[in-house]
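Following: one structure in structure tokens, then a few remarks.
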Amino acid sequence: DKLDQSVPGNSIGFVTTFIDLSVNDLVTFDCSYSPLSASMDFGVITSTGRFYHINVKEGSINRSIAVSQRGGYSMAIRNNSSYIVTVVGFVNY
């Protein structure tokens, strides 16, 4: 999925609705964001609300998360900074 989203400060921007994934399925984030100084978390949220993520502070990510349990997941991005961050790129699952 192509991603072009502004994420408000100190909040989570949801990338997808819940989708079913199986054990060892990969979710890959290939994205960049600005401003580069932001601290961002890219990951998946389980149907119970648990957020598994990769923290990024360099302005870009090209990494994957492997799903450890079958179930419904939403791809999400959390902005840990106090200002709006624009994220562009792709999320593959």
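The values are calculated or read from the model by the stated rules, or taken from the named source; none is laboratory data. Just so we're clear, the structure is a prediction, and the values are computed from it rather than from any experiment. Cβ placement follows ideal geometry from the backbone for every residue including glycine, while neighbour counts extend to all protein chains displayed. Note: areas computed on protein heavy atoms with side chains; ligands, DNA, RNA excluded. Shrake-Rupley method; radii C 1.70, N 1.55, O 1.52, S 1.80 Å.
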- Task: Using the heavy atoms of the protein chains and a 1.4 angstrom probe, tell me the accessible area per residue for the chain in square angstrom.
- Result: 55
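Computing the accessible area with a 1.4 Å probe over protein heavy atoms, can you report the carbon and sulfur percentage for the chain? All intermediate terms of the calculation are to be shown ahead of the outcome.
Details: 2470 of 5080 Å².
The C+S portion of the solvent-accessible surface of the chain is 49 percent.
Just add up the charged neighbours of Ile12: K/R +1, D/E -1, any other residue whose Cβ is under 15 Å from the Cβ of Ile12.
On the way: positive: Arg50, Arg78; negative: Asp41.
Around Ile12, the charge tally is +1.
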- Among (1) 22, 17, 13; (2) 41, 13, 12; (3) 22, 13, 11, the entry matching semi-axes √(5λ) of the Cα gyration tensor in Å as calculated here is (3)
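Hey, can you rank 1-12, 34-45 by average C-beta count inside 10 Å, highest first?
Numbers: 1-12: 13.1, 34-45: 17.6.
Result, highest mean Cβ count within 10 Å first: 34-45, 1-12.
Mind checking Rg over Rh on the range 2-56, alpha carbons, Kirkwood formula for Rh? Walk me through the numbers before you get to the answer.
Numbers: Rg = 12.2 Å, Rh = 12.8 Å.
Looking at the range 2-56, the ratio lands at 0.95.
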